1. With 18 Å as the cut-off, how large is the P(r) tail for the stretch 278-371, expressed as percent of Cα-Cα pairs?
2. Run the helix sum for the chain: -39,500 (n - 2.57) per DSSP H stretch of 4+ residues, divided by residue count, reported at 222 nm to the nearest 500 deg cm²/dmol.
3. Can you tell me the FRET efficiency between residue 327 and residue 20 if r is taken as the Cβ-Cβ distance and R0 is 41 Å, rounded to the nearest 0.05?
4. When DSSP beta bridges are limited to those with both residues in the chain, what percentage is antiparallel, rounded to the nearest 5?
5. Please work out the ratio of the alpha-carbon Rg of the chain to 2.2 N^0.38 Å and round it to two decimals.
6. Tally Lys/Arg at +1 and Asp/Glu at -1 over every other residue whose Cβ is under 14 Å from the Cβ of residue 300; what's the total?
7. Hey, got the dipole for the stretch 157-303? About the Cα centre, +1 on K and R Cβ, -1 on D and E Cβ, debye to the nearest 20?
8. Treating cross-link reach as a plain straight distance, find the lysines whose alpha-carbon is under 25 Å from the alpha-carbon of residue 102, omitting any fewer than eight places away in the same chain.
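What follows is calculated from the coordinates using simple rules that are stated; it is not laboratory data. Just so we're clear, the structure is a prediction, and the values are computed from it rather than from any experiment. Reconstructed Cβ throughout: ideal geometry from the backbone, glycine too, with neighbour counts over all protein chains shown.
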Amino acid sequence: MKFTIHHIDNQTSARSGEIVTDRGSIPTPVFMPIGTRGSVKAVNTAELSSIDSRIILGNTYHLYLKPGHELISKAGGLHSFMNWNGSLLTDSGGFQVFSLAKLNKINDDGVEFQSHIDGSRHMFTPESSMEIQQHLGADIIMAFDQCPPGQSDYQTVESAVERTTNWMKRCVSYLEKNKGIHAWEQNVFPIVQGNVYEELRQKSAEELIPFATCGMAIGGLAVGEDKSDMFDTVEQMDELLPKDQPRYLMGVGRPTDLVRAVKRGVDMFDCVLPTRNARNGQLFTSSGIVNIRNEQHKEDFTTVDEKCRCDLCKNHTRAYLRHLMNVNEILGHRLATMHNLTYYMELMKTIRDEITAGSFDDWSHNYLKTMINYKGM
Ligand SMILES: [Zn+2]
């Protein structure tokens, strides 16, 4: 994997560039749609390519439980299983174990948990997370980390930071001893923890930087802390993390969050918002959030967003989409999902173009000033 920075903004820490994996080039900053269980819900891979999405996410926890990493491995890895020619990133499974599994018991060895599907008992360790991710075969894989809840006290976070470093060592040692199952290269990102405690963030970053060969992730944010604390931490990371590697801010977020984080030197993002909110009828548009289920759209025969080029906005009315959503038609989910993903992809393209043109600071100032009036953006 190779990361090249093409332009660095004069006024902010924003940079534009590209990541090249064995699957091709990914212009950065990039937003990665989430394909939890081997599909970005409601859309197919040709549709993802049509909006120039180059990398998507798979969730190790879900894929391990169903259909199982060994089955996916037999299919030739997740790319061929789901017929995706672009790049893939898988998470370590840790975050879902903590947030979804019925029971989880953490100790220094790993995490014991009960499946949220059938209650069956399982154990994830740094070694098993690496092994599962080798079977899945994503181009970028994540180290197994401990992500404590947002409001955790100092001691809890401190022990999570220490454990994350120890687990990182075990991930690397596993990968050194066990070469990949598939023919292409897999690259592991360490995940910096420490919640919003400056001292712990510094400790975590310093301990993990020696393991960073191709990129680093900022984990443990967007888990319930104040937004200003979140951006202070991102700023701190901008100072500490290697500048010549991509920085991935996990689980963030809203369109304005992406712009504010790019300003602070972040290159990669993922979030369920555009896809999940689409299925609930919440659309991101150039003039703010549209809640299509609202009564006001019942007889509204205008388009959702005149500035959008997606199928929904070119061909259908608000009233039609509202009707589809109200009667739970699958097409409604499909149209809304493609619309939201189009909004996010276009936003990232604009960000990259503005950085390249040297006008990102002015543009972002105007964008944030406009969007501050729209709740939820
Ligand atoms: Zn649209």
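1. Result: 46 percent of Cα pairs exceed 18 Å.
2. Here the helix-only value at 222 nm equals -12500 deg cm²/dmol.
3. 0.35
4. Working: 22 of 42 bridges.
Looking only at bridges with both residues in the chain, the antiparallel portion is about 50 percent.
5. That works out to 0.97 for the chain.
6. 0
7. The dipole of the stretch 157-303 has a size of about 560 debye.
8. Leaving aside lysines fewer than 8 places away in the same chain, those within reach of residue 102 are 41, 66.
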